[in-house]
Ligand code: PRP
Ligand code: URA
């Protein structure tokens, strides 16, 4: 399990606590998901390669490192993963973005793929799969299998809240893939929701919760 990175920064913990609160409004929820993505990305990008380029400071010419963003691709799992993309792009603006649409069947909790649009030459890029929630692991495992079908070799998965069941399933399936977890929760309930979790992340990002107040 040494490819699992439990992130432990107080700022990250603080923001995830506010995210969980059922009284957090949609606009704040969305902003927090973005900020959390930045903090997690900072950790997950630690091993990105750099290339030395020549620049000129006011003093002299020098070779200094840059990240080649065109070699990086963010792939959010729709819908909730979309909330993490802007934060990631703020850090690596030249990165590419692919999209994978998946929803969990309400009865079986199995993922159903409904959309897939990936950039050309994705197979040679460093791909960061994004989804705030790792519950049973079904969606992220299917997403990785799709990426592998396209020949992608370098994949990392970044989630915000994970259940132990999902972490185990994902790591059993892909022990070679680095997994970044913002918070490890207690368990899944009988509807496969994470406890204590934050509820339905997609609904909270996009304001599609039925009992939301009009001002929320
Ligand atoms: C949520 C979440 C993950 C998935 C995690 O999506 O964003 O994609 O559930 O659960 P799993 O690990 O058990 O597969 P959901 O199916 O609710 O779709 P949505 O984002 O479109 O609401
Ligand atoms: N998807 C969510 O949005 N929340 C959960 O708790 C589990 C899956």
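The values are calculated or read from the model by the stated rules, or taken from the named source; none is laboratory data. Everything quoted here is computed from the prediction, not taken from an experiment. Quick reminder, even Gly has a Cβ in these numbers, built from the backbone with ideal geometry, and neighbours come from all protein chains shown.
Scan the range 168-177 and give yes if some residue there is in contact with a strand residue (DSSP E or B) (Cβ under 8 Å, 6 or more places away or on another chain) and within 17 Å of residue 80 (Cβ to Cβ), otherwise no. Checked the range 168-177: at least one residue is in contact with a strand residue (DSSP E or B) (Cβ under 8 Å, 6 or more places away or on another chain) and within 17 Å of residue 80 (Cβ to Cβ).
Among the conditions (1) at pLDDT 95 or above; (2) within 16 Å of ligand 1 (Cβ to nearest atom); (3) within 22 Å of residue 152 (Cβ to Cβ), residue 111 misses just one, which is (1). Within the set 192, 163, the sole residue that is within 12 Å of ligand 1 (Cβ to nearest atom) and within 18 Å of the chain's Cα centre (by Cα) turns out to be 163.
With the condition kept exactly as written, say whether any residue in the range 132-153 is at pLDDT 95 or above and at positive phi. Lay out the reasoning, then the answer.
Within the range 132-153, the first condition is being at pLDDT 95 or above, and the residues that meet it are 132-153.
Within this subset, residues satisfying the condition of being at positive phi are 137, 151.
Scanning the range 132-153 turns up at least one residue that is at pLDDT 95 or above and at positive phi.
For the range 166-189, the set of residues classified as more than 10 Å from ligand 1 (Cβ to nearest atom), outside any loop (DSSP other than H, G, I, E, B) and without any contact (Cβ under 8 Å) to a residue 60 or more places away in the chain consists of 168, 172, 173, 187, listed by residue number.
Could you run through the range 142-159 and say how many residues are under 13 Å from the mean Cα position of the chain (by Cα) and either more than 10 Å from ligand 1 (Cβ to nearest atom) or assigned to a helix (DSSP H, G or I) (or both)? I'd like the intermediate steps shown before the answer.
First, pick out the residues of the range 142-159 that are under 13 Å from the mean Cα position of the chain (by Cα): 143-144, 155-159.
Now drop any that are not either more than 10 Å from ligand 1 (Cβ to nearest atom) or assigned to a helix (DSSP H, G or I) (or both), which leaves 143-144, 155-158.
Within the range 142-159, residues that are under 13 Å from the mean Cα position of the chain (by Cα) and either more than 10 Å from ligand 1 (Cβ to nearest atom) or assigned to a helix (DSSP H, G or I) (or both) number 6.
For residue 128, indicate whether it is buried (at least 20 other Cβ atoms within 10 Å of the Cβ), more than 8 Å from ligand 1 (Cβ to nearest atom) and under 30 Å from residue 49 (Cβ atoms). Yes: the conditions hold for residue 128.
When the strands (runs of 3 or more DSSP E) confined to the range 1-107 are screened for residues that are touching a residue at least 12 places away in the same chain (Cβ under 8 Å) and either closer than 25 Å to residue 176 by Cβ or within 16 Å of ligand 2 (Cβ to nearest atom) (or both), those reaching at least 3 such residues are found at 4-6, 72-78, 99-104.
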